[in-house]
Structures are given as C-alpha cells and as structure tokens.
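Following: one structure in structure tokens, then a few remarks.
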Amino acid sequence: MDLTDFVRDQMKTRPNQPSMPVLRPETIRQEIIALLSRESMTARELSGQVGVAEKEVLYHLEHIRLALRDALVLEPALCLACGFSLRKRERLKGPGRCPVCKSQHIAEPRFAITRL
Ligand SMILES: [Zn+2]
C-alpha cells in the first residue's frame, strides 16, 4: 500500500472502527505521516506539532503501524543513565524507568516513516 492509497483508505468512513473521542482522526493521521516522513519524532514532539494528547498520538501510531507495517520505524527508547536500549519493547510508548538501573532519564522512542 502506498501513501496515496493509505490516505484514501483513511478518508473512508469506518463505522466498525473502535470509537475514540478524537477530532478529525483522518487528518491527524495524515499530519503524523507527513511529519514522520520528513524527520523522526517522539510521541511527545508529535503531540506538540499535531495538537493532540500524547496518548492519542500513540493510538494513531498503532493504527499507522498496522497499516504501514515496517514502513513505520521505531527507534527504541534509550536509558540516558546506563545506556541500556529497550529494543525488545514492542509497545510504542517508552517505559517510565529503566529496567536495568531504574533511572527515569529515558530518551523516548522515536518514530519515522520510510519507503513510502
Ligand atoms: Zn538504565
């Protein structure tokens, strides 16, 4: 699926999709895709750029990951205290603290979109 198809797909009305109290979800997803196609960003940065809550960004990212699969690249969270990389973590949200040294100085996962 290329970007045009994906955007068109997202534009369709999807009555069976799980409902979420969000404003213009299709537009938000297109904005997120456009931003991540240009540079890698954290969910927090996307939240500031797109103007929705961070957890809403993560919700959209889950959908984008399902649709675009490997095109959504996740740069794992990194502990800034001990350097531990949380590569095995499948969830899009970074952990609150490092599983190794328990530090809360965690660089959040970064997202990017490639191969569109
Ligand atoms: Zn650590």
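Filter the stretch 57-84 down to residues that are in a loop (DSSP other than H, G, I, E, B) and within 21 Å of Ser47 (Cβ to Cβ) and give me whichever is nearest to the ligand (Cβ to nearest atom).
Leu80
Which of the residues that make up the stretch 90-103 are exposed (fewer than 12 other Cβ atoms within 10 Å of the Cβ) and near the ligand (Cβ under 10 Å from one of its atoms)?
Pro99, Lys102
Restricting to the stretch 104-116, name every residue that is assigned to a loop (DSSP other than H, G, I, E, B) and surrounded by 15 or more Cβ atoms within 10 Å (Cβ to Cβ).
The answer is Glu108, Pro109.
If you scan the stretch 58-84, which residues turn out to be over 20 Å from Leu36 (Cβ atoms) and surrounded by 17 or more Cβ atoms within 10 Å (Cβ to Cβ)?
Once the filter is applied, which keeps residues that are over 20 Å from Leu36 (Cβ atoms) and surrounded by 17 or more Cβ atoms within 10 Å (Cβ to Cβ), the stretch 58-84 yields Cys79, Phe84.
Working only within the stretch 69-112, note down all residues that are without any contact (Cβ under 8 Å) to a residue 12 or more places away in the chain and of a type in the set (Asp, Glu).
Answer for the stretch 69-112, where residues must be without any contact (Cβ under 8 Å) to a residue 12 or more places away in the chain and of a type in the set (Asp, Glu): just Glu90.
Can you name every residue in the stretch 21-63 that is in contact (Cβ under 8 Å) with a residue 40 or more places away in the chain and under 11 Å from the mean Cα position of the chain (by Cα)?
Correct list: Ile33, Leu36, Ser40, Met41, Thr42, Ala43, Arg44, Leu46, Leu61.
Suppose we filter the stretch 104-116 for residues that are within 16 Å of the ligand (Cβ to nearest atom) and aromatic (Phe, Trp, Tyr); how many remain?
Residues in the stretch 104-116 being within 16 Å of the ligand (Cβ to nearest atom) and aromatic (Phe, Trp, Tyr): 0 in total.
Is it the case that Arg87 is more than 16 Å from the ligand (Cβ to nearest atom), surrounded by fewer than 19 Cβ atoms within 10 Å (Cβ to Cβ) and modelled with pLDDT under 95?
No; evaluated as a whole, the condition is false for this residue.
Could you list, in sequence order, all residues of the stretch 21-49 that are over 23 Å from Glu90 (Cβ atoms), β-branched (Val, Ile, Thr) and either modelled with pLDDT of 95 or more or not in a helix (DSSP H, G or I) (or both)?
Selection gives Val22 alone.
The values are calculated or read from the model by the stated rules, or taken from the named source; none is laboratory data. Everything numeric in this text was worked out from a predicted model, so none of it was measured. Quick reminder, even Gly has a Cβ in these numbers, built from the backbone with ideal geometry, and neighbours come from all protein chains shown.
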